[in-house]
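Everything below concerns the one structure shown next.
The values are calculated or read from the model by the stated rules, or taken from the named source; none is laboratory data. Small disclaimer: the values here were computed from a predicted structure and weren't measured. Positions of Cβ are generated from backbone atoms using ideal geometry, with glycine treated the same way; all protein chains shown enter the neighbour counts.
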């Protein structure tokens, strides 16, 4: 560029770009509020900004030397400038948030959050209402409670509710075809309306109690349960009294788990940001009806030099671009344009929304708790292997998970002609394979046909998750998987889903990996409920990661199968005789030379063996000659 020539003025007299283009447009810009978009030579949006005075705000970009290097680089790429005027600055802020969320310009602070928030739906379109997870458009009849931070938060709440309010969890088709109560009834998490073990009126009472709890009236419920327990006890109805006692205990545990008393907070979102090393973690906690509905972690994309309060303000604008804000938003930092953000959220909610940075008291405790969680999450992210984290994020993207899975369980079976059948489970987490958590399952034949892979998979999963329900129904130990992977095709997946449905477990992400044509690695097909089977490109790192997990499960189960076969081969006919231990077996083999010779020996010959009594000799002889 020639000396003295303005930045962005082409040597050949072509159209200007960069700061020169911006300067050339200033005269035509209005002085009212609006939104501006900077666009590069490829017609891609570089940056979206809002302004109270468009001309004054955009004029600052005509003097890029006053800006940081990052902004100077952006201005140098500008080939076009587009504006949209608005009536107010609040409208400009709302439009800016929508455009950033949809366009994701390279130089803006970007919140990457494409998943809708889950809710709990109390169905009212059936004579026997049930609580289910719901995500997406609210097209079904019933009452919606939420939003919850994640599907995991919904699952945790549903688990708690089942302890106190034993409503059915099974799908309608299973409910209609049951002839006996399921495991949920046995562990006192369902009242078995499917087989008429509860009247419709009593069931409706539990539904009403569930509704009261979700509206925040848990203390009133606890008092009502206490009165009913006392009345039942005085009437000598001890079994009914015990039921109310157990429900009171469960409610007490729910209230104790709330960490901080938030009864007077009611409906609020707590948003806290922690910044370190040029990265920012934002934690959002959801409180509804005085109850903690979980938290979600975000890592917005931004330049290292952007201060935390600006990141937080951009986050708030984009976060509520497609969702209704609650009545109260508590933040960890003062926002640069806090009155404007408050007014914008009130417009979006169609009611007054308070945006506050609390300084003391209960609300400050809530924010401090969220801030500590943000610091912990950012520390974990910075310490985790970047490669492993990207793999787990890719797996979450492939299979529609809310967050990268912390625990993946992979299942496989092995047998030869139906003999020595064995099932196995391997576990993987953020730190890689967790070999201490591996398990093998000896298949119990029962009425199973030899070599029935589907029946074997059903048995393994039934044993695994029946025990999980008995020992950790609340999923508090971290030993429940976020993703279940089955080695097999649609048949194995169907068998797995049947087991989980039978057990009342409807929230485990489950996928089957089928070997491709000619069993070639790299051509695997992935089967997921509700989606068409698909394959991944052979160079996709997630494919290699999932192949390794599948191969590890195969190695583990094959190793156990070989050990079992080797043990069976080493077994002798003598091992089947009751009362013959290692010492007597050794004495018999030394005397006769082989198990076959023992089987042909006469009674007198057996009595001659050192250590074999007449009674034992008779037992051995009878074992090999049962019809004599």
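Quick rundown of the values:
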read-out	value
Qualifying residue in the stretch 434-443 (condition: within 17 Å of residue 492 (Cα to Cα) and surrounded by fewer than 17 Cβ atoms within 10 Å (Cβ to Cβ))	no
Test for residue 312: is it farther than 24 Å from residue 219 by Cβ and at pLDDT 95 or above	yes
Residue that is under 23 Å from residue 460 (Cα atoms), in the same structural domain as residue 433 (by TED's automatic domain parsing), modelled with pLDDT under 90 and surrounded by fewer than 16 Cβ atoms within 10 Å (Cβ to Cβ), where the choices are 519, 555, 523	555
Filter result for residue 465 (free of Cβ contacts under 8 Å to residues at least 60 places away in the same chain and assigned to a strand (DSSP E or B))	no
Residue 536 vs. criteria under 18 Å from residue 412 (Cβ atoms) and surrounded by 16 or more Cβ atoms within 10 Å (Cβ to Cβ)	no
Residue in the stretch 410-425 that is in contact with a strand residue (DSSP E or B) (Cβ under 6 Å, 6 or more places away or on another chain), buried (at least 19 other Cβ atoms within 10 Å of the Cβ), in the same structural domain as residue 557 (by TED's automatic domain parsing) and free of Cβ contacts under 8 Å to residues at least 24 places away in the same chain present	no
Among the candidates 172, 201, 212, residue that is over 19 Å from residue 508 (Cα atoms) and out of contact with any helix residue (DSSP H, G or I) (no Cβ under 9 Å at 6 or more places or on another chain)	201
Which numbered condition residue 266 fails, given (1) at pLDDT below 85; (2) at negative phi; (3) surrounded by fewer than 17 Cβ atoms within 10 Å (Cβ to Cβ)	(2)
Residue within the stretch 90-101 that is assigned to a loop (DSSP other than H, G, I, E, B) and either surrounded by fewer than 18 Cβ atoms within 10 Å (Cβ to Cβ) or touching a helix residue (DSSP H, G or I) at 6+ places or on another chain (Cβ under 6 Å) (or both) present	no
In the stretch 160-174, residue farthest from residue 323 (Cα to Cα) [restricted to those that are surrounded by fewer than 17 Cβ atoms within 10 Å (Cβ to Cβ) and in contact (Cβ under 8 Å) with a residue 12 or more places away in the chain]	174
Residue that is farthest from the chain's Cα centre (by Cα) [pool: residues in the stretch 606-618 that are crowded, with 16+ Cβ neighbours inside 10 Å and in a helix (DSSP H, G or I)]	607
All positions within the stretch 468-480 that are assigned to a helix (DSSP H, G or I) and surrounded by fewer than 14 Cβ atoms within 10 Å (Cβ to Cβ)	470, 471
Hits in the stretch 106-116 (condition: surrounded by fewer than 21 Cβ atoms within 10 Å (Cβ to Cβ), in a loop (DSSP other than H, G, I, E, B) and touching a residue at least 24 places away in the same chain (Cβ under 8 Å))	106, 107, 109, 112, 113, 115
Residue match in the stretch 541-550 (condition: surrounded by 14 or more Cβ atoms within 10 Å (Cβ to Cβ) and part of a loop (DSSP other than H, G, I, E, B))	no
